[in-house]
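Data first, discussion second: the structure below is written as structure tokens.
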Amino acid sequence: MRRYLGVALGILTAIGGFVDIGDLVTNAQVGARFGMSLTWAVVIGVLGICVYAEMSGRVAAVSGRATFDLVRERLGPRVGLLNLVGSMAVTLLTFVAEIGGVALAVQLVTSVNELLLVPFVGLLVWLVLWRARFSLMENVLGLLGLALVVFAVAFWQLGPDWSFLARQAAGATKPAAETWTTWWYYFVALFGAAMTPYEVFFFSSGGVEERWSPADLPVMRANVFIGFPLGGLLSLSIAGVASQVLLPAGITVDTLGQVGLPVAVALGKLGLAVAVLGFVAATFGAACETGLSVGYSIAQYVGWQWGKYVRPARARAFHGVLLASTLLAIAVLLTTVDPILVTEFSVVFSAVALPLTYFPILVVANDRDYLGEHVNGRLANVLGTTYLVILTLAALAAVPLMVVTRMGQ
Amino acid sequence: MPDRAPCLFRGRGPVVPWSRRRRALTLVAWLLGAVLLGACAPATPDSQAWRASAVQTLEDTSSQLATMRLTVEQERRDRLPGRYAVTVAVDSEEQAAMAAESLTGQQPPGTERRAYDRVSGLLDDAQSLISEARIALVDGRTQEYPSLLRRLDRMGARADRETERLR
């Protein structure tokens with residue numbers, strides 16, 4: 001019974017922890033402009049993150065070591081450094097966006113300017129990273145993130161024409177006023193948001209923190225193959241409500257406040273209050289995950305003691321990186337840069353960094369020295385290789401599309 | 001008469017003739033001046049680029065008018081917490097101002113002066129209306145909401161007509 005509860009808890013936290021500021025903003029922008037015609041981008045992205053999260057989780061459970069640790073050892077310091085720089089730069093950018101996202105979410109219910117909130121949010125994130133237990137942080141924030149289920153309820157309540165939406169999703173059609181170049185820009189952005197590199201680093205490093213063993217593989221797979229797709233459904237619900245309320249009204253999404261308006265239309269004040277709780281939990285949870293991922297990646301590459309399972313005094317350098325990256329994020333946000341703009345950049349540059357992040361994982365997951373009998377099977381390799389091709393195409397197309405469409409205008 | 005031109009510097013490096021040095025300094029001064037002038041002068045797009053920019057600005061403004069309309073409507077139906085409505089309204093006001101600034105900061109081509117006058121007038125009116133709606137929301141003047149909703153509708157339709165005209 002206890003084991004089943006553990007599996008259920010893992011799945012629920014995976015659902016609640018799946019959505020972050022990038023998913024919130026990008027899905028709402030897409031729903032408000034393209035309806036459900038970019039559903040395939042989310043479906044392909046979610047399947048991709050499942051494939052690679054399962055690989056990296058398996059590596060952590062079988063070898064007891066995290067991704068960067070093995071990448072450096074298996075592929076050498078040069079490739080490891082390339083992998084580190086590419087992934088960490090994007091993760092740091094995402095960390096900035098998430099802290100800004102928490103401040104924007106709190107601003108919605110306090111009307112206090114986000115610039116005044118940013119230092120306090122940063123301090124709170126750092127305190128959680130420093131003091132809170134890993135399982136407590138993951139479970140509490142993941143479960144609170146489930147509040148975003150209110151978007152699915154609101155979608156249902158709005159009573160859309162399901163057959164029309166299904167045709168729109170299956171046919172990948174676009175509204176007449178939009179161009180295919182912009183459509184593809186948002187396809188890549190949604191794909192990047194779904195496959196953000198930090199998710200894999202956090203997942204595998206978390207597995208090491210929680211001391212997974214090969215016996216935990218079924219639970220890990222349940223979390224990935226049930227939790228992540230259900231999290232993807234939340235993303236689609238955000239696009240869905242935007243397609244029902246914002247698209248007909250001619251509203252394009254520039255602020256977090258606009259993302260929540262359809263929930264108010266469908267469910268009123270109570271529904272909106274739950275949605276704002278979901279915003280805060282999702283962005284705060286993702287801020288903790290991205291902050292830790294920055295620390296994990298550097299510490300694992302350099303070989304420092306890392307993790308929240310060791311006392312901070314024994315992992316001084318790791319905690320120093322956490323503090324420095326939090327201060328850097330606060331400093332960037334205090335320049336008055338728009339957190340939504342940072343989010344838009346972070347999802348596009350996530351797409352650019354994807355091959356650098358995922359190729360080494362595919363290599364390590366095929367190494368019998370580390371994984372023995374748990375090495376990649378044929379299906380994992382076919383899917384992994386197919387996704388590597390898609391990732392490379394997305395990475396090559398991301399910046400030209402961003403320039404040509406002037407960030408999707 | 002010296003056998004060579006006067007030199008500006010005589011250090012350990014090669015001796016550079018004064019005339020060549022002066023030409024280089026003049027060139028640097030011209031380049032610096034051009035950069036500074038370029039930084040001060042407004043962008044001067046051609047007619048097609050200006051129209052594309054105007055259409056984008058009008059679409060952004062129209063989106064903010066629609067956001068304000070939805071916010072006032074939900075507030076009228078008591079479906080929005082007050083602070084949320086105020087934050088969305090303030091954001092809309094800022095976004096509309098930014099959109100207008102992105103266009104009015106450009107030098108309109110001579111052939112587009114009449115279009116510029118129409119568009120800038122519309123943007124001013126839209127910003128004023130959005131500010132008026134924000135003030136009513138903050139003060140909770142519910143009796144003004146029906147009238148604001150009608151005016152926001154009309155202003156949105158005016159922005160859409162101007163957009164079509166410029167396409």
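The values are calculated or read from the model by the stated rules, or taken from the named source; none is laboratory data. The structure displayed is predicted, hence computed values, not measured ones. Glycine also receives a Cβ, built like all others from the backbone with ideal geometry; neighbour counts cover every protein chain displayed.
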Going through region B:65-89 in order, the residues found to be assigned to a helix (DSSP H, G or I) and facing chain A (nearest Cβ under 8 Å) are B:A66, B:T67, B:R69, B:L70, B:T71, B:Q74, B:R83, B:Y84, B:V86, B:T87, B:V88
Here are some conditions: (1) crowded, with 16+ Cβ neighbours inside 10 Å; (2) free of Cβ contacts under 8 Å to residues at least 40 places away in the same chain. A:P355 meets all but one. Which one does it not meet?
(2)
On the given criteria, is B:L129 away from chain A (no Cβ under 14 Å), assigned to a helix (DSSP H, G or I), within 24 Å of A:P262 (Cα to Cα) and touching a helix residue (DSSP H, G or I) at 6+ places or on another chain (Cβ under 7 Å)?
yes
Please tell me if A:S293 is more than 12 Å from chain B (Cβ to nearest Cβ), among the small types (G, A, S), out of contact with any Lys or Arg (no Cβ under 9 Å at 6 or more places or on another chain) and farther than 27 Å from A:G86 by Cβ.
no
Do we have A:F191 as part of a helix (DSSP H, G or I) and crowded, with 24+ Cβ neighbours inside 10 Å here?
yes
Exactly one of these conditions fails for B:A100: (1) surrounded by fewer than 18 Cβ atoms within 10 Å (Cβ to Cβ); (2) assigned to a helix (DSSP H, G or I); (3) more than 11 Å from chain A (Cβ to nearest Cβ). Give me its number.
(1)
Give me the residue from region A:278-290 that is surrounded by 24 or more Cβ atoms within 10 Å (Cβ to Cβ) and more than 13 Å from the chain's Cα centre (by Cα) and, out of that set, farthest from the other protein chains (Cβ to nearest Cβ).
A:A281
Selection status of A:V121, within 18 Å of the chain's Cα centre (by Cα) and under 19 Å from A:L277 (Cβ atoms)
no
Looking at A:S243, A:S293, A:S297, can you tell me which residue is over 19 Å from the mean Cα position of the chain (by Cα) and among the hydroxyl-bearing types (S, T, Y)?
A:S243
Could you list, in sequence order, the residues of region B:116-147 that are under 15 Å from B:Q95 (Cβ atoms) and aliphatic (A, V, I, L, M)?
B:L123, B:A126, B:L129, B:I130, B:A133
Within region A:28-47, can one find any residue that is at positive phi and either surrounded by 23 or more Cβ atoms within 10 Å (Cβ to Cβ) or part of a helix (DSSP H, G or I) (or both)?
yes
Could you check region A:166-183 and list, in sequence order, the residues that are closer than 28 Å to A:A398 by Cβ and outside any loop (DSSP other than H, G, I, E, B)?
A:Q168, A:A169, A:A170, A:G171, A:W180, A:T181, A:T182, A:W183
Listed residues A:V102, A:V42, A:V25, A:V90; which is touching a Ser or Thr at 6+ places or on another chain (Cβ under 6 Å), modelled with pLDDT of 95 or more and of a type in the set (A, V, I, L, M)?
A:V102
Of all helices (runs of 4 or more DSSP H) completely enclosed by region A:195-277, which ones contain at least 1 residues that are within 12 Å of chain B (Cβ to nearest Cβ)?
A:228-249
Apart from one, (1) modelled with pLDDT under 95; (2) facing chain A (nearest Cβ under 9 Å) all hold for B:Q107; the odd one out is (2)
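To keep it simple, each residue is scored yes or no on (1) under 16 Å from the mean Cα position of the chain (by Cα); (2) under 30 Å from A:S87 (Cα atoms); (3) among the polar types (S, T, N, Q).
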site	(1), (2), (3)
A:W156	no, no, no
A:G159	no, no, no
A:S163	no, no, yes
A:G171	no, no, no
A:E178	no, no, no
A:Y185	no, yes, no
A:A189	yes, yes, no
A:A194	yes, yes, no
Among the residues in region A:2-15, are any within 30 Å of A:L334 (Cβ to Cβ), of a type outside the set (K, R) and part of a helix (DSSP H, G or I)?
no
Lone qualifier among A:A189, A:A170, A:A166, A:A215 - being modelled with pLDDT of 85 or more and within 30 Å of B:T87 (Cα to Cα)
A:A189
Of the residues that sit in region A:304-325 and are charged (D, E, K, R) and more than 17 Å from A:A66 (Cα to Cα), which one is modelled with the highest pLDDT?
A:R316
